[in-house]
Structures are given as structure tokens and as C-alpha cells.
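To start, the structure under review is shown below, and the notes come after it.
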Number of protein chains: 2
Amino acid sequence: MRRLFFLLLLLFPCSLFAEDGSQLWLRYTPVDKHIAQQRTISLQAKDQTMQLAKQELESYWRGSSISLRLDKKIKKLRDGYQIKGDGTGVEVVAAEPAGLLYAAYHLLRLQETGADIEHLDIEEIPDYDIRILNHWDNLDRTVERGYAGYSLWKWDELPKQLSPRYEQYARANASIGINATVLNNVNASPQILTADYLEKVKALADAFRKYGIKVYLSANFSSPKVLDGLSDSDPLRKEVQAWWVAKVKEIYTHIPDFGGFLVKANSEGQPGPQDYGRTHADGANMLADALKPYGGVVMWRAFVYNPTEEDRAKQAYQEFVPLDGKFRDNVIIQIKNGPIDFQPREPFTPLFGAMEKTPQMVEFQITQEYLGFSNHLVYLAPLFKETLDAETYSQGPNSSVARITDSSLGNHQKTAISAVANIGEDTNWTGHHFAQANWYAFGRLAWNHQLSSEQIAEEWIYQTFTDEPNFVQPVRQLMMDSREAVVDYMMPLGLHHIFAFDHHYGPEPWGDRKGGRPDWMPWYYHNADTVGIGFDRTKSGSDAVSQYHEPLRTLYGDIKSCPENLLLWFHHVPWGHTMKNGRTLWDELCFRYDRGVQDVREFQKTWDRLEQYIDAQRFTEVQSKLKIQAKDAVWWKDACLLYFQAFSNMPIPYELERPIHELETLKKIKLDMKHHN
Amino acid sequence: MRRLFFLLLLLFPCSLFAEDGSQLWLRYTPVDKHIAQQRTISLQAKDQTMQLAKQELESYWRGSSISLRLDKKIKKLRDGYQIKGDGTGVEVVAAEPAGLLYAAYHLLRLQETGADIEHLDIEEIPDYDIRILNHWDNLDRTVERGYAGYSLWKWDELPKQLSPRYEQYARANASIGINATVLNNVNASPQILTADYLEKVKALADAFRKYGIKVYLSANFSSPKVLDGLSDSDPLRKEVQAWWVAKVKEIYTHIPDFGGFLVKANSEGQPGPQDYGRTHADGANMLADALKPYGGVVMWRAFVYNPTEEDRAKQAYQEFVPLDGKFRDNVIIQIKNGPIDFQPREPFTPLFGAMEKTPQMVEFQITQEYLGFSNHLVYLAPLFKETLDAETYSQGPNSSVARITDSSLGNHQKTAISAVANIGEDTNWTGHHFAQANWYAFGRLAWNHQLSSEQIAEEWIYQTFTDEPNFVQPVRQLMMDSREAVVDYMMPLGLHHIFAFDHHYGPEPWGDRKGGRPDWMPWYYHNADTVGIGFDRTKSGSDAVSQYHEPLRTLYGDIKSCPENLLLWFHHVPWGHTMKNGRTLWDELCFRYDRGVQDVREFQKTWDRLEQYIDAQRFTEVQSKLKIQAKDAVWWKDACLLYFQAFSNMPIPYELERPIHELETLKKIKLDMKHHN
């Protein structure tokens, strides 16, 4: 039996690796000698990144011969590339070494997705300069909002021991054009800037470098005080400024291509310049000045809100718009896609396009803090694109968030796009096999925000699973439907933030904590009462609509024209309000929740039909996750409908599947979950 | 506000009692003085039962005057009655006092169900002499297989203190013709026969007497030895016989109308005559001889099985048929409806009709040991009638179980029918409001087994809830569908006894206990393997089919003719076997389980639509139970299909809703439930 197994292994060398998801979308089959001898991969350079490009092609490329060439003069390419193929050979040219590496992965992607790999005329220029992952990894290896195991970074072992996963991580990122990473949590420990940790950071930076990945760090604004006993960390104090200058110098001594700092300041208890009566600009500029000589940047987060009477959705705008023009040119304001916090659906943050003189970047969240953790299958490209494609009208039509941030509409030094990673030390990296697609999709959109969600899904499926059309087509559809499903069963029609306290996994529309911040309470957001439900952000309410440019201000502000998928975001709507399809608001709410449940059940059916096409392990693991999702969808539906029904006082339409839970029982569910794993 | 409420109370005197189910189906509204003065209820007798009949009519009758008359000569009526009404008055005649009481309840039932109560020509003669409930109540007030709270009998308080529920219990029974009750568990404590307890029993008998209810006791066969230190309890020993003679005399001194003994002997560890090498007949006859002078009877249970190689389904037949003709004429063999143990569906026990010279009675189980306890809505009249109407062919066609046991086909001294009660001290008596219907249905069928399940359901709904047709019709349909639903989601196609060990609540087809009796293990019954599933009881298997008369032997024995709802009871059937509808066995099994789930979901929809017609309390309580049932149905379906799928190795048809549970997780469920509450 053992011998037979060994023979089988010999017969199928391509299935030597375990189908555990550890390979991600990088499942290239090594070419045999015969193929390798038939074509050459030529390159005149010793640069390690370029050599890596060559090596990847040597190992896996099945097409004709390739010549790789660096031409620093074609600056317009930035770190992009040109590929030309006439059927007899392929020419690749790039202005930077990483460009050649990205081109190599482009060619391999074409090969793996069954495209023509001989006749090629490609020019790819990335939309953003900095395509960066934010890891919310703590130094104790817990990961805030991480659902895929502990942190990849084994700080205890570093710098001496290097896990093989560091290079695998860098390769995966490079394969989709990600070129930067913030290693540590925005709720940053000052310790990351100590000499000891900088040695460790250097080791990671060294491991990533040939893949074109630059390392960034989240900086704790109080570091001078905490680490070296300065009396405070006031950004206008010379001593503090000198501390940062010295610290930055120390960092660049270790890591000459260090990217810069990400800072969460004066938000959710983090220290910041306002502690000393200074502005966000004062704080950001101090760091920017220290980094400037080395080409480093500061990504300063706009995610700030305080427990005031003001609508939380308005605060980032209110704090940052007055500072427009006051930031150094190597500061980028990093803005969450929506004005609250990575909800299943939000309108775009009105701060986008509201600071003409200041570079802005989007912060997405790949990790599914508010989307079922790594239990729910939710393909996020449609969510990412919804923000990127959103028309802000800041400079009239054609002022999408994408065009504002990719600098089509400005002339900023550097452009960037970021997302909070969903990566941990789980064998399959992301907990859910399909969560890999969200990492993938972010990278692809960061490179080219014009790609369609469908195309990204399809190429990911091809590479990750199989090219069998009977598998690709239904799975692509499932992925495309998955985001609307989660909106439906969690928070349809513009509802938001009715999650269970702190861990944000299940529903808790009834949530309340004595003495807690109102803007941490679900009732703050849903405002359900006997009249209706929803947050009045029109002029009669918080007037958050006024932060949007016309015609959005009017569009959102009028209950008649407001898109129904944002209705309860902007309006407090009577239960009996007639929706476009003729249903009352209450009935429509019920139908949406139910549709979400039914959709997940359909996902299960779709998936189960596909068992024959893929390996047993991933099939079963995804099947199990879908079971959880199906149960959770019913939990969400029952919890929200039974809770809101006490206000609407209307029956759940009788044609819909009935609740199976008791509201009082659901209220007692207290999951033993933390902020971090 | 308070005052308004008080005024409302005055306006609606009929809703003065709480709608908590405590009234059962006895929700008569007292007549006002005006009505009472317009008609008379005349009776010439001081007998307390007859006086009670008069009193019930005085209180609640809204029709014309009634004359109640006892005529002992009309013996054919037994404890039945005749009612004649010509529009100006009603004449009731009976041969026994209880007959007048039953007639009174008959009239009130007509009144409450909206029937004509003036023009009457009724003759009712009960089908069985003894219509008896078996309480499996222990002396510590736990109830074996009881799901409605502790025992009604407060032994500690007896005989001095009498709970008002004793009379309410007797009245409810009388209202449906039940005239006997066994107070204690068949797994009997010898203590029940001590002088102390007999005082308590006497108090209950006294409370029940005017309602026509006779008391019986379960007797522990070892009582002589345990209570009075006899060296053994050998039924052929004079000393033992004398002990019983004395004990019976003692009982009758207290309770002159004592009914007799129910005995579970040599079964599941209970003592019995076989302990001394004697037969069941030896044991039963000893007790029968002691009871004979007083008119008492012995109900001797045929539920015996031992851990042998023999098919458990065959054992009662094998042990009892050879004893036919050897029992005294005041012994009745009490036989469970099916050969195993109160399963959702069983064929009738072949012992029925197999002992021509011996009176037989059916034992049903009203308490839902194998039917979801008091959580699942399962209307049992269709199950009861399935057995009663079953053709045994013991004396050719027209030899139904009903006709065998009601003595149409014999000439036995006394006929009887029994059922294990589902009654406890819960406010609503039976845990589930709809479980009241099963108590009701048993009583009605014990009186007249020709009644249809629909009719019984309808009259119960009228009396228990409302006469609103929009309520009655759908609820009747729901009840009628409920038994097939539970069969579908628990054990379709003849599957049986794949319940969790001991408590029998959830599914455990994988159940196994090292060293445990095979016939307590689910695998003993389902026999699932890679070939197929089911218990081969044909000639090639245990040959249990041969215990049935022709044509059943052939019908059941041939896979082609065997009714599909008993297929896996009698056959080990290949997974690919083609069912009548063209599906494979495996697919059909999946469809049945799924149909059960969908049916319960439909019950929920039906129920929720009816909220407007009844009181909030009962509406909500039933709604909650249906939620549990819906969840449990999915649990059952997933557990059984996922477990059996490991043998069938076939996919669950993809159009069906997918499992939401993991088999391994379900296997870990260990409910903290006992045999008794």
C-alpha cells in the first residue's frame, strides 16, 4: 500500500504539495527539463529582484523565450512594465527592477488562466505608487481583528531565525503588485522603535527586499516620552523633534529603504498632538520633516472620533478639512472607505475630495472585522470598487474616489492605497480559503482600479482552484453575490454598526452599556422607535449630508431620491414608508434579511455541487465554513427582525421563513471573543 | 389605567381565567341566572356521580331542559347513554351513573362545538370497558418519560391534603370517558403497597370516585419479599400467594372499587415469575386469583425482551403465544402498539390476534418519549388509529387490532385500552399546549375507535381555542400533518430507534456503548453498511415477518410489496434500490428528511398567521415550541443524513437544503437529560 502510494506520487508530481491552501494562488507547476531546454530567459543584470524575475520564469514558464530588460529612462512606467510577444519570443522592459518581477508574475498569470501567452502587447502602469498592507499585529503576536491565527512575525525568533513564510508572504504580495507593508498595529506599542526591535524589523525588511516590498512601521506618538523619558511628546518641542530625527536616522541606518510611518493619533485613546494642544498637522509634519531627507512618508489616519454630541460620521471631515494645505508634501491622509468603520455597506467618506491641497489615500479592511471574521465567505472586490468608483463630484463629474487618490485630479508627490491585512499564521494564511481572494483582489485593484470584480474573481479561481468552467462560472457568481448577501442578512438598507459589543461578530441591535460611549452603542446608529428606524443625517438631523458635494447632498438628503441601499444611513424612515417595489419599509427589511439567509443556502448548494472538481480538503473546509455562515445568517435575521419588531409592531410577512430563535435567548449570547485572536 | 382594566374585566367575564392552558378543553362559560331560570335539569337520585352530571349541566348548559334518568336494565349501554331531544327538551338515560355524567359532557361538547343541541337522537356505547391511563410516576414525584413537570400526586401531602388538581384531573378524564388510572410507574416501587401508601391511594381514589374513575396500581412482583421479608416471591409458593391474598384484601378494605394491578415482570431488570423458573401465566394467575373475589383484573405487560441473539421485535410473541389459554379470565395481556417501543412509526405488534383464548389490550404512549418530548407538536390520533385500524387477518379479513381488543372477535369478560399519560404538574398539564390534544384523543378513541382523527382534532380545537373557522381549519390540518412530519424528520421509511441513548430526545444513529446490550444500540436497528440500510426481518433475516398472518407475511416479506413507510423495518435495502417514485432509496431518504424540516417550517408559518385569533400567552408558548421543533428537525436531518452518507457514499440531492451541522460536532452533543424529569 505504501509502495503504491509512492508510485502514485511519482506519477503525479504536480500534486506533491498538500491541498491545504498554503500555496495561495501561486500553484505553478515546475517545468520539466525538456521544456526548460527549449526556451531561454535572458537577463543582463545581477540585481536580486531582477534575478528573481528570471528565476520564477525559468522555473514555471512554458511559453517561448523571454528577454528581460531594464530601461530606467521610461519613467512613465513607474514600477510597471511593457510586454511584447510576436509568437517567437517575448520582450519585457521595465524602468525599475520590481517592474520586471511584476511582469514575470503577469506572464505566469496569463499562463495559468489559459490566456494567449505568445501574442502580447501589454503596458501596465500601476495606479498607485504605494500599495500597502496594514498589519494590525501586536508584538505579543496577537492580531487585532485577526482571524487567521497569530501574527506571521515571530518576534522572539527574530532577527536570528527567519521563518520560510516571510519570503512566501513577500512573494505572494509581489505576485499581485503589493510593494509595501506596515508590520505592526496602528494601536502601536512604542517598543517597536527600540533598538532591539529595529534589528528584528531589519531582518524582515531584508527578507522582503528582493520582492520589492518596503517596510513601514506604525508609530506611537508618545514614543519619545515612553522610550526615552522625555517630559512629553509635544511635536512643537525641539527636544521631541530631535528625538524623532535621531530615531529616523537610526531606522534608516538599519533599513535604507524604510518606507515611513503610519500613525493613529488622538483616536480611541491613542496619544497624539492634541494632547499638547497641537493639531494633527503639527504632529504629522514633525514626523514628515524627520523622514523627508530619506524619502520617507507619513500616513496619518483620519479615523478620529470623540465622544461628543456630534454625529460620529461627521468628525473626520470636521477635524481634517480645516487643516487642508497645512501638511507637508510627504504626508498622506489615510481615510477609511466609509465614514464610520468598515461596515458591510457605507457611503464613501465625504472627506475624500474635501482637501484639495492634501494627498489622500483609502484605507480598506481586508480582514473581516464586520463581515463574519474568517467564517463567512464574502468577496470584497465589489465593496472596494464601490468606494473607488464612487463619484464625489468634488471637482465636478468624474471625480471618483479612485481619481482623487490616484492623483489623476491632483499632482501629489506619491499616491498610495492601503488595506488592513487578513493574514495570520494559519496554514491557509487567511482562515477562510476564500478570504485569500480578498488579499488578492486588494493587490490587483491597488495596481489597477479599473479591473472588474468579475475578472479578478475569475483569475483568482483559475489560479487557486481549477480552470474547469463548470467550477469557475458558478464560483465566480457565488463570489459576486456574496457581498450583497452579507449586507442583506446583517445590515440591509443602510443599517450599520448593530454588532455585538467589542468583538463585532454577531448581532446586538439591543446592545447597551451603562456609561459607555453612545457612539459605541447600536441604538446610536439604528435609532429604532415606534415611528421608524434609521439615522437622520439630513438637515433636520445631524446634517452629515452637507459634507457631500452636490448633487449628492440633495440626492442623499431627500428620502425620495436616496438610494435604498443607503436609506437608513441617511434617514429615519417610518415603518410604513413605501419602498420602490411597493412594500413597506418593514416588509422590505424582512425580505432583505430573509433573502440574505436564502442566498447563503444557495451558496451551500452551489458549493456542494462542485465537490468533484477540487481537492477534498479545501472542499470540506469551505463547506464547513458555509455551514457556519448559514447558521449565522439565520441568527442575524432572527435577532434583528425580532428586536426591531418590538418597535415596528408589524408581523414578519407570513410567506417568509419564521424565526427559530427567541429574542431573549439571543440577547444572552455572550461570545468569548476578544478584539484579537 | 387600572380602573379601565377593571372595567374591561367586568365587561368580559368569560376571560376571567388566565389563558395558561390550565383549563384544558373544559372552557365552558357559566350560564347567567336568566338562562338558568329558563330551563331545568331534573334528576331523581342522590348518587354523587349523577349529581355531578346535573351540576355540570346546571352550570353550563344553554339548551332546553334536561331530564336525567338511570335505568339499570338497559345493560347493552354498559356505561354509555342515550340522548333524545325534540326541540322542547332533552331526555338522557343511562344504565350506570357514570353514563349520565358522560352524557352531560357529551351535551356540553355539542354545545361548545356549535352543533345542534336541540334535536338529538344519540346512543353511545363505549368500545372498551376499561379506558385507562398509565402514569409512570415514581413515589419521589419524578415521572419516567414525563415532560410536564413533576408528578401530580403529592405523596408527602397525602392523604391529609388534597390538591385541587386531583378533581380537575378526574373531571378532565371523565369529560372524555376515561374511567381508570394506574397511579404509579410500571417500574414499580414495592412501597406503593405499604399501609402508609395505601392510605394515600385511598385518598386519591376517594377524590376520583364521583367522576367514575377507578384506581389501579402497578405492582412490583417482589413485593412479598421486599416488604415483608418472605424468602422469595415465587408465585407457586403458598406463602407468597397468601401474602398477595392478604394484601389485596387490605387494599379492598380501603378502596372497595379498586381496579386491579398492572405488572411489568421480567423485563428490563424488573422481577417476575421467571426469576423462579415460573411462567408469566403463573405470575399473572397468582395475582388474578387474589383479585378475583373483588372483581379486580390483572393487566400483564407483554413488553418483555432479553439480551439474546433473537430479534427484539420477535420476543413478546415468542414468550406469550405459547401461554395462550393458560391465563385466568381476569388477566388481560397489555401489548404495546408496536413490537419495539413507541417509535414514530412501527407496524402493529404481531402478538395482537395471536392468542385467541387470551384477552389483549393495547398500550399506547401519549407521553412523547420518542416524539420530541413536550417540545414537538405531534398529534397522535393518526398514530393511535393506525394501530387500531391495522388489519391483523388473525381471523381473516376484518380482524383489526381494534376488533381483537374490543372483543368484537372474542367473548372476553372485560375489554380495556391503555395509554401512558403525558400529564404532570405543569400549569398546562402536558408541557406543550397541543399535547393536551393527545390526552384528549386517547380518551375519545378509547370510547369510540371509529372516530376520525380529523373530527377529534376539530372538536378539541373548538373547545380548547376558538370556533373561528379561519383558525380551526388550518390548525386541524397542521395537526393532521404533524405525525408524518415527525416520522419524516426523525425516522422515515421504517427506520426506528436511532435515538440518543437513554433519554431518547435527539438523533444518535452512531450510538454505541461498549458492553451495552446490542438491542439498546441504534446500529442494531438501522444496520447501515456500504450495501444498504434497514433490518432484514424477512426469511433471510430474523424472519419476524413469519409472526404475521397471511397475507401480511408475504406482503411485508417481499421488498416489492412492502409498504414503503415500513420498508426499512422489514428489509435491508440497497442504497440504489428504486422506490415507487423512481428515486433511489438514498435520494428518497434525503427527500423525506428534508420534507420533515420543510413541514415544520410550514407549521410555523401556519401558526404565526393565526396570532389574531387567540390569546397571546398560548400563542407565544406554542410559537416558541415550534421554533425548537424547527431547529430539532434540522438537527435530526443533518445528523442522520451525514451519518448514513458515510455508508451510502452518495451525495445529498443538490436541490435540497444543505446540512448546517458537522457530524463530528453533533456526535459530541450529550444532553443533560434523564429518564425522568
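Structure notes:
- Taking a Cβ cut-off of under 12 Å around A:Asn527, the surrounding Lys, Arg, Asp and Glu residues balance to a net charge of -2, with basic ones at +1 and acidic ones at -1.
- Each other copy holds its own label point for B:Asn306; taking that point as 7 Å from Cα along Cα to Cβ, the gaps run 8.8 nm, nearest first.
- Here region B:130-464 is assigned +1 on the Cβ of each Lys and Arg and -1 on the Cβ of each Asp and Glu. Its dipole about the Cα centre then comes out at about 780 debye.
- Simple point charges give the picture: +1 on the Cβ of Lys and Arg, -1 on the Cβ of Asp and Glu, and for region B:31-124 a dipole about the Cα centre of about 340 debye.
- Separation of region B:396-468 from region A:282-333 is 79 Å, based on Cα centroids.
- Look at the stretch B:620-627: the mean tally of other chain Cβ atoms within 10 Å of its residues' Cβ atoms is 2.
- Dimensionless Rg over Rh [region A:31-124; C-alpha; Kirkwood]: 0.94
- Ordered by the count of other Cβ atoms within 10 Å of each Cβ, fewest first, A:Ile213, A:Ile340, A:Ile332, B:Ile125 give B:Ile125, A:Ile340, A:Ile213, A:Ile332.
- Per-copy distances of the B:Ser163 label point, shortest first, in nm (7 angstrom along Cα→Cβ): 6.3
- Taking Lys and Arg as +1 and Asp and Glu as -1, the other residues whose beta-carbon sits under 12 Å from that of B:His254 total -1.
- Converting the Cα gyration tensor eigenvalues of chain A into ellipsoid dimensions via √(5λ) gives semi-axes, longest first, of 39, 33, 24 Å.
- Rounded to 5, the percent of DSSP beta bridges in region A:298-438 classed as antiparallel: 5
- Here is the list for region B:639-677: trypsin sites (Lys or Arg not before Pro) lying in DSSP coil, each with at most 16 other C-beta atoms within 10 angstrom of its C-beta, are B:Lys670, B:Lys674.
- Inter-chain neighbour count for A:654-663: the average number of beta-carbon atoms from partner chains within 10 Å of each residue's beta-carbon is 6.
- Positive-end residue, chain B charge dipole about Cα centroid, Cβ charges, pick of B:Ala284, B:Leu555, B:Thr578: B:Ala284
- Exceeding the 27 Å Cα-Cα cut-off - candidates B:Lys33/B:Lys73; A:Lys202/A:Lys292; A:Lys668/B:Lys668; A:Lys605/B:Lys667; B:Lys75/B:Lys249; A:Lys249/A:Lys314: B:Lys33/B:Lys73; B:Lys75/B:Lys249; A:Lys249/A:Lys314
- Cα gyration tensor category, rounded, prolate or oblate, for the protein assembly as shown with a/c compared to 1.5: prolate
- Eligible aspartates and glutamates near B:Lys84 by straight Cα distance, threshold 13 Å, same-chain separation 8 or greater: B:Asp116, B:Glu118, B:Asp121, B:Glu123, B:Glu124
- Other copies of B:Leu671: label-to-label distances in nm, shortest first, labels 7 Å along the beta-carbon direction: 2.6
- Oblate is the label for region B:130-464, because a/c, from the alpha-carbon gyration tensor with a ≥ b ≥ c as root eigenvalues, is 1.5 or above and a/b does not exceed b/c.
- Global form of region A:460-559, assessed from the alpha-carbon gyration tensor, a/c cut-off 1.5: oblate
- Taking a sphere under 13 Å around the Cβ of A:Gly325 and counting the other residues whose Cβ falls inside, with K and R at +1 and D and E at -1, yields a net charge of 0.
Read-outs: derived from the displayed coordinates by stated rules, not from any lab. Since the model is a prediction, treat every value here as computed from it, not as a measurement. Please note: Cβ atoms are built from the backbone with ideal geometry, for glycine as well, and neighbour counts cover all protein chains shown.
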